[in-house]
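Trainee: Below are the structure tokens for one structure; questions will follow.
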Amino acid sequence: DAGKNWSKLKSSGNLLYGADTFLDICAPSTNTFFISGQRGLLLKFTNGGADMVKIENFSEDHLNALDYRNKSLIVCSASGKIYKFQDL
């Protein structure tokens, strides 16, 4: 509807306990999306944003960029590292 109707799903202050900077979002489907952020933050939302899982810290780098292709999530960090998660 061109942005006429929207709702707040979550607030970073309620989720992250101080680590509140999101850096990228990737939505491979209408019901699933990923958010990355500072200090290794990686979140997966399902059910259109109703359910959230924090992916265990695998890096302390800021995670600047996300892409999802062929059932794989690609994550790029500020220090130039690239991570690949299959079937996440």
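The values are calculated or read from the model by the stated rules, or taken from the named source; none is laboratory data. Bear in mind that the values here come from a model prediction, so they are computed numbers and not experimental data. No Cβ is skipped: glycine too gets one built from the backbone with ideal geometry, and neighbour counts run over all protein chains shown. Just so you know, the surface numbers come from the protein's heavy atoms only, side chains and all, with ligands and any DNA or RNA stripped out. Shrake-Rupley method; radii C 1.70, N 1.55, O 1.52, S 1.80 Å.
Trainee: So is Asn57 at pLDDT 90 or above and either open to solvent by 60 Å² or more (accessible area, probe 1.4 Å) or touching a Gly at 6+ places or on another chain (Cβ under 8 Å) (or both) or not?
Mentor: Working: at pLDDT 90 or above: no; either open to solvent by 60 Å² or more (accessible area, probe 1.4 Å) or touching a Gly at 6+ places or on another chain (Cβ under 8 Å) (or both): yes.
Taking the combined requirement at face value, the residue does not satisfy it.
Trainee: Follow-up question, since we're still on this one. Identify all residues within region 1-27 that are at pLDDT 80 or above and either assigned to a helix (DSSP H, G or I) or more than 22 Å from Asn57 (Cβ to Cβ) (or both); write none if there are none.
Mentor: Lys4, Asn5, Ala27
Trainee: Just to check your reading of the model, which residue among Gly48, Gly80, Gly40 is open to solvent by less than 50 Å² (accessible area, probe 1.4 Å) and either within 20 Å of Thr21 (Cα to Cα) or among the β-branched types (Val, Ile, Thr) (or both)?
Mentor: Gly40
Trainee: Separate question: Is there any pair with a first residue in region 66-80 that is touching a residue at least 40 places away in the same chain (Cβ under 8 Å) and a second that is open to solvent by 40 Å² or more (accessible area, probe 1.4 Å) and of a type in the set (D, E, K, R) whose Cβ atoms are under 6 Å apart and which are 6 or more apart or on different chains, and what are they?
Mentor: Correct list of pairs: Leu66/Asp24.
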